[in-house]
1. What aspartates and glutamates could a cross-link reach from residue 137, if we take a straight Cα to Cα line under 19 Å and drop same-chain neighbours fewer than 8 places away?
2. For the range 3-172, state what percent of all Cα-Cα pairs lands in each successive 10 Å bin, counting from 0 Å until the bin that includes the largest distance.
3. Are any of the pairs 145/168; 82/168; 70/184; 73/141; 10/141; 55/184 more than 28 Å apart by Cα-Cα distance, and if so, which?
4. Positive end of the dipole of the range 100-184, charges at C-beta (+1 Lys, Arg; -1 Asp, Glu), about the Cα centre: which of 144, 132, 110 has its Cα farthest in that direction?
5. Evaluate the charge dipole of the chain about its Cα centre and quote only its size in Debye, nearest 20, assuming +1 on the Cβ of each Lys and Arg and -1 on the Cβ of each Asp and Glu.
6. Which of the cysteines in the chain are isolated, no other cysteine C-beta under 4.7 Å?
7. If you take the charge dipole of the chain about its Cα centre, with +1 on Lys and Arg Cβ and -1 on Asp and Glu Cβ, which of 16, 177, 86 is farthest toward its positive end?
8. Give, as ranges by residue number, the residues of the range 71-99 whose backbone N falls under 15 Å from the point 7 Å along Cα→Cβ of residue 143.
Amino acid sequence: MNKLTQKCSKYYILISSLILFAVGTLFHFLFDILGENFIIGLFVPVNESVWEHCKMVVLPIILWWALYYKYIKKTNSINSDKWFTAMLISLVVAIITIPFLFYFYTGAFGVELVVVDIIILFLAILYGQSLACHYYKHTSKCLNKYVAFTIALFIVIIFIIFTVYTPKLPIFMDSLTQTYGIQK
């Protein structure tokens, strides 16, 4: 097992998940803390909709993988195509896991609990990081790093667009105020 594969270990997965969870949690409150700044609202949740809560993982995951890559490539030979494909896997899995688990538990049990929502955020990150590391360690197929990063950028742009021009669908509706997107 080379040094880089060791970096994508259970320890790495747990530590990265805890850090991403802390940053994602901070993201939840940034819009209000920074005075409902429109620009900040493009990247962090602006309401209590399921869609906006997915923003809690988007930038943190992209930045984590990009910054860690910059740090680790100094001391390791790294397959950047595989690394950024793994980043994309972590991102997509976390984004899909949040609404999946939320709608599963609220639909199955008919309740909505903040503590369960917090656990869902952590599980989404943990699951995404775990699959990404598994992919990195055990596969040889990958996207070109520029393609992976372009897809990640596209995801960020979609979140920005849907924050401003919000579809009138339940996933986008703030359950507390019955509003959609950022209030201009």
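1. 81
2. Distribution as computed: 10, 38, 34, 15, 2, 0 percent.
3. Violating the 28 Å Cα-Cα cut-off are 145/168; 82/168; 70/184.
4. Of the candidates, 144 comes out farthest on the positive side.
5. For the chain, the charge dipole is close to 1120 debye.
6. Here 54, 142 come out as lacking a disulfide-compatible partner, given the Cβ-Cβ threshold of under 4.7 Å.
7. Checked the options; the winner is 86.
8. 80-96
Bear in mind that the values in this text are calculations on the coordinates, not laboratory data. Because the structure is predicted, anything quoted here is derived from the model rather than measured. Note that each Cβ is placed from the backbone with ideal geometry, even for glycine, and that neighbours are counted across all protein chains shown.
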